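Report on the structure given below.
Since every read-out is calculated from the coordinates, none of them should be taken as a lab result. All values derive from a computational prediction rather than experimental measurement. Note: ideal-geometry Cβ built from the backbone for every residue, glycine included; neighbour counts use all protein chains shown.
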Amino acid sequence: MENFEFVGYRFPAEWERHEATWLTWPYREESFPENLHVVYEQYVCFIGQIAKSEKVRINIPDEGQKAVLYSWLEKLSLGDENIQCFIHPSNDVWCRDHGPAFIVNPKAVYPKAIVDWEFNAWGGKYPSNFDNQIPQFIASTFSLPYVSPGIVMEGGSVDFNGEGDLLTTTACLLNKNRNPHLSQKQIEEYLRKYYGVHNIIWLGDGIAGDDTDGHVDDITRFVDANTIITVIEHDKSDENYEPLKENARKLAKVRLANGKQPDIVELPMPKPLYYKADRLPASYANFYFANSALIVPVFNCDADEKVLEILSNLIKDRPVVGIDSSNIVRGLGSFHCLSQQEPLV
């Protein structure tokens, strides 16, 4: 159902009520080399927290992997009443990037629709043939209309406040391995048209170890319509120090679509994490707003409690819950990267 009247739609803020959260089940060793077996406990704890107050819809390759999921639910004494599995193969687990971008317009004939962006696995770094089919698979399964802009766009490269503002980075969206034929102005036109935003806030580089070329969901996020959190590295010798400081400088000059200057709240970075010799993109900014909680990745380091306290002081409409992500981040992402919300309309 690709052809429909595409007018007046917007991408809601993540904290608006969800019907469901979409995930893609980890089953390929390539996603977590030598570590797939240690990922499941943290991943299923994440599922359990979301399922407390919304459906969890999971792309899963076959009945065998579905049995693995259910064995872990039983092992962790978690119920399955809100969990729905859909058989569909995937290349990787990062549903934020390959999953459907749900847009809404309560006054339209179809109140909910999908933007089916192209996904090329962060500039052709990995296979993406199965992942790129997932939005249309979901549209077909639920008889939802979809629109295909025909350009590469990833969910982790953008963040929204639901009031017309969008955060992104030049490092990712202007990278020549995405849409080399488009200028910054042309990319902005796509963002405005298909996400229903008015004001685009451009930051610079992402964090070390991030193979997405600088996704904004690892560095800077909206937590309400007027408040932005941004991560800061205090160690001047760390490779993240200057890029994050420069992003903070840019944020100090930002104005929102409503003309106001946003409130900027800083979060510290965790201690550097490595797997073998490789720096991992561990960041507290990769949190996820579920209906039941703000789910924050923690990394067994001194800054964990401070971050949870800062966020608890900001978020008053749901608890702030830390879940260990030290194994998941070995796959180069965390809870926000894993998930894509489906809004309730």
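At R0 = 51 Å, how high is the FRET efficiency between E118 and V68 if r is their beta carbon distance? Nearest 0.05 is fine. Walk me through the intermediate numbers first.
Details: r = 30 Å, r/R0 = 0.60.
Step by step, r from the Cβ atoms, then E = 0.95.
Expressed in nm to one decimal, what extension gain is obtained for the pair H234 and K316 from 0.36 nm per residue of sequence separation less their Cα-Cα distance?
26.8 nm
Give, as a single signed number, the net charge of other residues whose beta carbon lies under 9 Å from the beta carbon of P100, with Lys and Arg counted +1 and Asp and Glu -1. Mind dumping the intermediate values first?
Working: positive: none; negative: D116, E342.
Value of the local net charge: -2.
Indicate the helices, whole DSSP H runs only, in the chain that combine a mean Kyte-Doolittle hydropathy of 0.5 or more with a Cα extent along their long axis of 15 angstrom or more.
Helices passing the filter in the chain: 36-50.
Could you please rank F299, F142, placing first whichever residue has the fewest other Cβ atoms within 10 Å of its Cβ? Intermediate results must be reported in sequence, preceding the final value.
Details: F299 22, F142 13.
Fewest-to-most ranking of F299, F142: F142, F299.
Most fluctuating residue of V158, V109, V223 in a GNM of the chain with Cα springs under 10 Å: which is it?
Highest fluctuation of the listed residues: V109.
Mind sorting K185, K55 by how few other Cβ atoms lie within 10 Å of their own Cβ, fewest first?
Arranged by neighbour count, lowest to highest, K185, K55 become K185, K55.
Could you work out the local net charge near D205, counting Lys and Arg as +1, Asp and Glu as -1, over the other residues with Cβ closer than 13 Å to its Cβ?
-4
Please label the shape of region 18-343 as rounded, prolate or oblate, based on the square roots a ≥ b ≥ c of the eigenvalues of the alpha-carbon gyration tensor (a/c under 1.5 means rounded; beyond that, a/b larger than b/c means prolate, else oblate).
Since a/c stays below 1.5, the shape of region 18-343 is classed as rounded.
Pairs of Cα atoms under 8 Å, at least six residues apart: use those to get the relative contact order of region 25-101, whole percent.
Over region 25-101, the number comes to 37 percent.
Which of P319, P106, P243 moves the most in a Gaussian network model of the chain with Cα springs under 10 Å?
Most flexible of the set in this elastic network: P106.
Using only DSSP helix segments of four residues or longer, with each worth -39500 (n - 2.57), what per-residue ellipticity at 222 nm results for the chain after dividing by its residue count and rounding to 500?
-7000 deg cm²/dmol
In the chain, if the dipole is taken from +1 on Lys/Arg beta carbons and -1 on Asp/Glu beta carbons about the Cα centre, which of L338, S326, F222 is farthest to the positive end?
F222
Evaluate the relative contact order of the chain (contact order divided by residue number), counting alpha-carbon pairs under 8 angstrom at least 6 apart; express in whole percent.
Value for the chain: 22 percent.
Each label point is 7 Å from the Cα along the Cα-to-Cβ direction; what then is the distance between the points at Q136 and K276, in nm?
My value for the distance between the label points is 3.6 nm.
How do F6, F32 rank when sorted from fewest to most other Cβ atoms within 10 Å of their own Cβ?
Listed from fewest to most nearby Cβ atoms, that is F6, F32.
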